[in-house]
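Asks: Pasting a structure below so you can have a look.
The values are calculated or read from the model by the stated rules, or taken from the named source; none is laboratory data. None of the values given here were measured: they were computed from a predicted structure. Ideal geometry is used to build each Cβ from the backbone, glycine not excepted, and the neighbour counts take in all protein chains shown. Please note that ligands, DNA and RNA were not included when accessible areas were found on the heavy atoms of the full protein model with its side chains. Shrake-Rupley method; radii C 1.70, N 1.55, O 1.52, S 1.80 Å.
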Amino acid sequence: MGFIDQNRVNASVALQRGHYTFPRAAKLREAFENCLHDYYVKASIGGHFEARGLLVTGESRVGKTSETVRLVEKFNASMTAMPNGKPGKFIYCKLDGSISWKDLGHKTLEALGYPANPRRTQGELWNMVRHQCREQGVIGLYYDECQHAFTSGEISNAKLRDRFKALMKEPEWPLMLILSGVPVLASHVNSEEQIAHLLSHIHFDEIHLGRFADPTRDPDMIELNKLVYTYAERADIDVYDLVDVDFLQRLDFACVSRWGLVIELLIRAFGLCRLRSQKTATVKMFSEAYAQNSRLPQGLCPFTAPGYRDMIDGDKLMEMVLDE
């Protein structure tokens, strides 16, 4: 007997492929395009110039990485020709755990498709990075979870900021940078005036619902409602009798105000509905979908507990959810 239920896969795959476009995506794209136009104009003129870039911050699971990756992938797929005639592109590196500048050079080379001997010196690695970027037409580097590159030592952090600046000011081949991570990254980067000036800061907010929010005026409640209906429509599931202010507040609480976690739960819940040929979503179905990925005691669920805010510690729930 196999471990993969193909019916279960089929019930969720279309939902998983979907992408919900938040209003923040337009702001991110505008900032990205501003940097690209600045780069293109300066490269057209020739001579030495400074590239610009983006600083993208937000708490875990708010969707900053998915939005930024999607934008970069669209640009790469567009094969946009730069003044030198080569299609410009970005490469993506996700950082995990403490990482040195040498390690970052090695990881960047690997992302460029060029395996490097770890015995090479730090300087040799970064010279190879610059060379490969120029040869391949890479105009930008995207470092995700970039807070891991910074340490608690200000001297080390100052050196890192200087090295990032040097990449953007490189005389032969300046590189745009996209640095993304949790909010502490902004404090590391913005403590130096020059690099703060070169990086446009885009912050992704969490969901902010008031306890007595007006569903017709509260912007996040309106957006949350729209999000639920968009995924329900994609799944061909009726949610009219399910969605009200109480449900949206419980959904927000259950997902610790993270847009990305809401989307994951919608995919699981509507996937269950499709798997069971159920055309109408219910609280029971959301409770079951939530229990699949929850460490709360059995029977304790934000969707069913009458006084869920009193019964469930929001801070502890956040720790459980974000540590998974």
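Asks: Of Val13, Val256, which has the most accessible area and how do the rest follow, probe 1.4 Å?
Replies: Val13, Val256
Asks: Here's something else I'd like to know. Taking 0.36 nm per residue of separation and subtracting the Cα-Cα distance, what length does fully extending Ala291 through Asp162 add? Don't skip to the end; give the middle numbers.
Replies: Numbers: separation 129, 0.36 × 129 = 46.44 nm, distance 4.70 nm.
Separation in residues times 0.36 nm, less the Cα-Cα distance, equals 41.7 nm.
Asks: With contacts defined as alpha carbon pairs under 8 Å and 6 or more residues apart, what's the relative contact order of segment 23-204 in percent? Don't jump to the answer; show the numbers that get you there.
Replies: Values: 264 pairs, mean separation 62.6, N = 182.
So the answer I get is 34 percent.
Asks: Which helices of the chain meet both criteria: a Cα extent of 20 Å or more along the helical axis and a mean Kyte-Doolittle score no lower than 0.0, with helices taken as whole DSSP H segments? Walk me through the numbers before you get to the answer.
Replies: Details: long enough: 23-45 (34 Å, -0.44); 64-78 (21 Å, -0.60); 122-136 (21 Å, -1.47); 154-168 (21 Å, -0.51); 219-235 (24 Å, -0.32); 259-275 (24 Å, 1.48).
Counting only whole DSSP H runs, the qualifying helices are 259-275.
Asks: Rounded to the nearest whole Å², what accessible area per residue is found for segment 23-204 with the 1.4 Å probe?
Replies: Working: 8550 Å² over 182 residues.
Heavy-atom accessible area per residue stands at 47 Å².
Asks: Still on this structure: Sort Lys226, Lys102, Lys165 by accessible area with a 1.4 Å probe, largest first. Walk me through the numbers before you get to the answer.
Replies: On the way: Lys226 110, Lys102 70, Lys165 20 Å².
Reading off the accessible areas and sorting them downward yields Lys226, Lys102, Lys165.
Asks: Over all directions, how big on average is the projection of the convex hull of the alpha-carbon atoms in the chain, in square nanometres?
Replies: Numbers: hull surface 81.8 nm².
Result: 20.5 nm².
Asks: For His208, what accessible surface area do you get with a 1.4 Å probe? Give it in Å², rounded to 10.
Replies: Approximately 110 Å² of His208 is accessible to the 1.4 Å probe.
Asks: Considering the Cα trace of segment 23-204, what is its radius of gyration and what is Dmax, both in angstroms?
Replies: For segment 23-204, the Cα radius of gyration and maximum Cα-Cα distance read 15.4, 46 Å.
Asks: Taking the full set of protein chains and a 1.4 angstrom probe, give the accessible area of Trp259 in square angstrom, rounded to the nearest 10.
Replies: Accessible area of Trp259: about 10 Å².
Asks: Would you kindly state how much longer the chain becomes between Asp214 and Arg134 on full extension, computed as 0.36 nm times their sequence separation minus their alpha carbon distance, in nm to one decimal?
Replies: Values: separation 80, 0.36 × 80 = 28.80 nm, distance 5.33 nm.
This chain segment gains 23.5 nm when fully extended.
Asks: Take the Cα of Asp103, step 7 Å along the line toward its Cβ, and report every residue of segment 31-64 whose backbone nitrogen sits under 13 Å from that point.
Replies: What the label zone holds, given the 13 Å backbone N cut-off, is no residue at all.
Asks: Please give the net charge around Val262, taking every other residue with its beta carbon less than 13 angstrom from that of Val262, where Lys and Arg add +1 and Asp and Glu add -1.
Replies: Values: positive: Arg61, Lys226, Arg250, Arg258, Arg268; negative: Glu206, Asp220, Glu223, Asp252, Glu264.
Residues near Val262 contribute 0 overall.
Asks: Right, another one. If you take every DSSP beta bridge whose two residues both sit in the chain, what share of them, in percent to the nearest 5, is antiparallel? The partial results should precede the final answer.
Replies: Details: 1 of 23 bridges.
If I count the DSSP bridges inside the chain, around 5 percent turn out antiparallel.
Asks: Can you give the accessible area of Lys316 in Å² (nearest 10), computed on protein heavy atoms with a 1.4 Å probe?
Replies: Probe radius 1.4 Å; accessible area of Lys316 about 130 Å².
Asks: Tell me the mean residue ellipticity at 222 nm calculated for the chain from its helices only (DSSP H runs of n ≥ 4, each -39500 (n - 2.57), averaged over every residue, nearest 500).
Replies: Working: 14 runs with 170 residues, N = 324.
Helix contribution divided over all residues of the chain: -16500 deg cm²/dmol.
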